[in-house]
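Everything on this sheet refers to the single structure shown next.
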Amino acid sequence: MTKKGKKLYEGKAKILYETDQPELLIQTFKDDATAGDGDKKGIIQGKGAYNNAISARLFEVLASNGVSNHFVEKLDEVDMLVKGLQMFPIEVTIRNTVAGGMSRRLGIREGETLKSAVLEYHLKDDELHDPLINEYHIRALGLVEEKTLEKMEDAAFRANEVLKAFLKDRNIDLVDFKLEFGASGDEILVGDEISPDTCRFWDSETKEKLDKDRFRKDLGGIEEAYREVRKRICEMG
Ligand code: TMP
Ligand code: ASP
């Protein structure tokens, strides 16, 4: 049994611990929730366990469809074993339907279906509120190498196709999602988490929000939404 070693890093929703194997880390999911880069804080009861289970399943689905990621195995309720990565300072967002930041920035109503998927890069910097950047900024600032940029783009669009199809079978529309990538030796892997904290999931029929927007927008029914997503993703096939 892998044991937790020294705490390496504590973020807003997760903690990373060393293990007795230098290349492996334990990622622990917390119930803590923040929005507006920390302006709003709260606890979503059971979120750690829901996000651990949901991420574990979605990482498995991605891996078995050719999208390499850091997931190794689920250890218990809130812990998963992952490969340690050198994270890139970039968030990669894919949008299928207009919502959130895109709706605000461009004044387009939420729910508008896009003719093709949009890929966005954001600089990971809480104080600057993760500003939108493009591939020219990434090249000019030397944030990642050209071949890494190509790999991230390919993996993100592939992840979109795989996740969209998997979720559609479970009556969930994948509105948008955010991925973070890192390097493990020569490999570029998806890291972090894939959960209702980092994706927008809408019920395909009612378009009810089943994700962190319930917390961001004070819509209530937050725990129920996370539980429902866990049920559809982890208990249906
Ligand atoms: P946005 O519309 O606010 O830019 O969010 C796009 C997607 O990224 C959405 O699925 C939620 C996710 N997201 C994060 O994972 N972390 C964040 O800090 C933000 C703002 C969004
Ligand atoms: N990740 C952002 C924060 O921690 C919030 C968000 O997901 O909207 O505040």
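No lab work stands behind these numbers, since they all come straight from the coordinates. In this text, all values refer to a predicted model and were calculated from it rather than measured experimentally. Cβ atoms come from the backbone with ideal geometry, glycine included; neighbour counts cover every protein chain shown.
What to note about this one:
- Selection from the stretch 22-79 of residues that are within 16 Å of ligand 2 (Cβ to nearest atom), without any contact (Cβ under 8 Å) to a residue 24 or more places away in the chain and either of a type in the set (A, V, I, L, M) or part of a strand (DSSP E or B) (or both): D32, T34, K41, I43
- Filter result (surrounded by 13 or more Cβ atoms within 10 Å (Cβ to Cβ), more than 15 Å from the chain's Cα centre (by Cα) and not acidic (D, E)) within the stretch 22-42: L24, L25, I26, G42
- The set of residues from the stretch 186-224 being closer than 26 Å to E10 by Cβ, more than 14 Å from ligand 1 (Cβ to nearest atom) and in contact with a helix residue (DSSP H, G or I) (Cβ under 7 Å, 6 or more places away or on another chain) comprises I188, I222.
- Among residues of the stretch 99-123, those that are near ligand 1 (Cβ under 9 Å from one of its atoms) and either touching a residue at least 12 places away in the same chain (Cβ under 8 Å) or in contact with a helix residue (DSSP H, G or I) (Cβ under 9 Å, 6 or more places away or on another chain) (or both), counted: 7
- Hey, D197 surrounded by 21 or more Cβ atoms within 10 Å (Cβ to Cβ) and at positive phi or not: no
- Among (1) more than 16 Å from ligand 2 (Cβ to nearest atom); (2) among the polar types (S, T, N, Q); (3) within 30 Å of L24 (Cβ to Cβ) - the single one T206 does not satisfy: (3)
- Selection within the stretch 201-221 - out of contact with any Lys or Arg (no Cβ under 7 Å at 6 or more places or on another chain) and in contact (Cβ under 8 Å) with a residue 60 or more places away in the chain: K207, K212, F215, R216
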